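Q: Take a look at this one; I'll ask things after.
The values are calculated or read from the model by the stated rules, or taken from the named source; none is laboratory data. Note that the coordinates shown come from a computational prediction; the quantities given were computed from them, not determined experimentally. Here Cβ is always computed from backbone atoms with ideal geometry, including for glycine, and neighbour counts include all displayed protein chains. Note: accessible area is taken over every heavy atom of the protein model, side chains too, but ligands, DNA and RNA are not part of it. Shrake-Rupley method; radii C 1.70, N 1.55, O 1.52, S 1.80 Å.
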Amino acid sequence: MEREQRESANHERPQAHAMMRPARLAVGVVSAGRVGSVLGAALARAGHTVVAASGLSASSLARAERLLPDVPLLPPDETVRRADLVLLALPDDALAGMVRGLVATESLRSGQIVVHTSGAHGIDVLAPAAEAGALPLALHPVMTFTGRAEDLERLAACSIGVTAAEGDEAAWNVGEALTVEMGAEPVRIPDSARALYHAALAHGANHLMALVADCADLLRQAGIEQSERLVAPLLSAALDNVLRHGDRALTGPVARGDAGTVRKHLEVLADRAPEVAPAYRALARRTVARSTAAGLLDTAAAKDLTELLDDPAEGHQDQ
């Protein structure tokens, strides 16, 4: 039965079947932002042809010139009409409107492969395209891009979250084949898991960047030059340790139960960097919880730290 369904799916989608062979596709990139330009360049490197891209901002034009040389820049509808593979690399909130607009203008056609790169969305956002006969896929690179040539090398070391329609093995295979061609590793993400998957990645990567930037700012405020060089080995080791050993790798005053040190931190942050203090408190509470669960922190010490962190008066000296 499964074999019959797979053969039927391949019969209905000739482009999907072609992807299992070394077929070359005409690729249209909407738009030439950081992600779109890099993935377009990766597909071109794999032997596909980027036939058009869209982009309006000066940065998009410059990026396309660097990564997609000689590719014509056209409006989205014209870009899509030229393509076998439509790559929608758009902000999360702009994606649904673009898909509806492309369907309304009859820019999409049956048999096209329509891929979006949003981590937040699954394939439901591509439903209008699917109704028009296109093959919907979500390919989300688990990487942060700058839009420069070095991103192509980063792509080779990262994973791409692949989502296709449940039960459509041919579609899953197309997404995985495209990912491998771009040099990345495919990881299947069920549509129902996309929201939590993306929240986890954003919490880890985006908040990590804000946290590290705060750390460097505080060091500079303390008069310490070259703060990035100072903390780079520490932060690299911390990341490596937690990925290898999980919560057992937790160190520092919270994991040790040093309430006196935490109190001093709260005081100096309240005085010198009050905008950072709430984040310190919130992350310290999470560290208390994780340290306790890992058996690093006893119940009494956890209680003392929690009360300290929950007390709004702590860290604020009498004015």
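Q: In region 218-231, which residues are part of a helix (DSSP H, G or I), without any contact (Cβ under 8 Å) to a residue 24 or more places away in the chain and loosely packed, with under 15 Cβ neighbours inside 10 Å?
A: 220, 228, 229, 230
Q: Which residues, taken from region 49-91, are open to solvent by less than 10 Å² (accessible area, probe 1.4 Å), of a type in the set (Gly, Ala, Ser) and not in a loop (DSSP other than H, G, I, E, B)?
A: Answer for region 49-91, where residues must be open to solvent by less than 10 Å² (accessible area, probe 1.4 Å), of a type in the set (Gly, Ala, Ser) and not in a loop (DSSP other than H, G, I, E, B): 52, 53, 54, 64.
Q: Scan 263, 244, 248, 194 and give me the residue that is of a type in the set (Lys, Arg), out of contact with any Ser or Thr (no Cβ under 9 Å at 6 or more places or on another chain), at pLDDT 95 or above and surrounded by 15 or more Cβ atoms within 10 Å (Cβ to Cβ). I'd like the intermediate steps shown before the answer.
A: Numbers: 244 fails: surrounded by 15 or more Cβ atoms within 10 Å (Cβ to Cβ); 248 fails: surrounded by 15 or more Cβ atoms within 10 Å (Cβ to Cβ); 194 fails: out of contact with any Ser or Thr (no Cβ under 9 Å at 6 or more places or on another chain).
It is 263.
Q: Here is a further query. Would you check which residues across region 232-254 are within 14 Å of residue 280 (Cβ to Cβ) and part of a helix (DSSP H, G or I) and list them?
A: Of region 232-254, the ones within 14 Å of residue 280 (Cβ to Cβ) are 252-254.
Correct list: 253, 254.
Q: Also, I was wondering about something else. So which residues in region 230-258 are among the β-branched types (Val, Ile, Thr) and within 21 Å of residue 300 (Cβ to Cβ), if there are any at all?
A: Once the filter is applied, which keeps residues that are among the β-branched types (Val, Ile, Thr) and within 21 Å of residue 300 (Cβ to Cβ), region 230-258 yields 251, 254.
Q: Under 8 Å between Cβ atoms, which residue pairs at least 6 apart in sequence (or on different chains) link something in region 294-309 that is aliphatic (A, V, I, L, M) with a partner that is modelled with pLDDT under 95?
A: From residues that are aliphatic (A, V, I, L, M), the pairs are 308/314.
Q: Counting only residues that are in a helix (DSSP H, G or I) and closer than 22 Å to residue 217 by Cα, how many does region 255-284 have?
A: Pass one, region 255-284, residues in a helix (DSSP H, G or I): 255-256, 259-272, 277-284.
From what's left, closer than 22 Å to residue 217 by Cα: 261-272, 277-284.
So the count comes out to 20.
Q: Looking at (1) outside any strand (DSSP E or B); (2) of a type in the set (Val, Ile, Thr); (3) open to solvent by less than 40 Å² (accessible area, probe 1.4 Å); (4) over 20 Å from residue 166 (Cα atoms), find the lone condition where residue 125 falls short.
A: Going through the list (1) outside any strand (DSSP E or B); (2) of a type in the set (Val, Ile, Thr); (3) open to solvent by less than 40 Å² (accessible area, probe 1.4 Å); (4) over 20 Å from residue 166 (Cα atoms), residue 125 breaks only (4).
Q: Also: Condition first: within 17 Å of residue 171 (Cα to Cα), open to solvent by 10 Å² or more (accessible area, probe 1.4 Å), part of a loop (DSSP other than H, G, I, E, B) and not charged (D, E, K, R). Can you find one or more residues in region 129-148 that meet it?
A: yes
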